[in-house]
Amino acid sequence: APSSCPGPPSPSASAPPPPAPAPSSFLSVNMANFVRKLVSGSKARFKDKHLDIELDLVYVTDNIIIMGYPATGVEGFYRNRREDAKKFLDHRHGKNYWVFNFCPVRENSYPASFFEGRVSRYPFPDHQYVLPRMVVQGEPC
C-alpha cells in the first residue's frame, strides 16, 4: 500500500549545494573571537590581518604597548591567547621587546621562558595607574 506521507523534496537543479563543513580550528577561532568581542564590549580590539589575530592591546607609543593578560586554557578563550601575544610581538618587534607583568596575583604569572626570558613581574592592584618610576626603580618579583 502506498504511504500517505510525502517523501523528501526532490532536489532542484537551481538549488545551491549545501556548504561544506568548516574545519574545527576555523570554528574554534571564530567562536573565540566572538566571545572575546562579547567580553570586550564596545572597546576596540587590535586586529592584525596578516597574522589573523585580534588582541586586547593598544600602542601608547611606538615602543610601549599595553595589553591584556596573555592567558592559556579556558581563559585564553576570552582573554588574549598567550600564543597569539607572542606571535604578534615576535612578528612586529622581533627580539626587541620586554614584557612587564603588572598582574596582582601569582595565578596570573607565566614562565618568563615563554617570552624567551624577557619578562619582569611587578604585582600591582588591578585597574590602577602605574607610575613609570616604579618600574624603573623597582625590583621585579
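If the chain between Asp62 and Trp98 were fully stretched, how many nm would it gain, using 0.36 nm times the residue separation less the Cα-Cα distance? Provide the component values of the computation, followed by the final result.
On the way: separation 36, 0.36 × 36 = 12.96 nm, distance 1.35 nm.
11.6 nm is the gain from fully extending Asp62 to Trp98.
Estimate the FRET efficiency between Glu107 and Asp52 by the formula 1/(1 + (r/R0)^6), using the beta-carbon distance for r and 35 Å for R0, to the nearest 0.05.
0.75
What aspartates and glutamates sit close enough to Lys87 to cross-link, taking a C-alpha to C-alpha distance under 12 Å and skipping anything fewer than 8 places away on the same chain?
Result set, ordered by chain and number: Asp48, Asp52, Glu54.
Pull up all non-local amide H partners of Ile53: gap of 5 or more, or a different chain, and H-to-H distance under 5 Å with H placed in the peptide plane.
HN-HN under 5 Å from Ile53: Asp48.
Bear in mind these aren't lab numbers, they're just calculated from the coordinates by the rules spelled out. If you're wondering where the values come from, they're calculated on a predicted model, not measured in any experiment. Note that each Cβ is placed from the backbone with ideal geometry, even for glycine, and that neighbours are counted across all protein chains shown.
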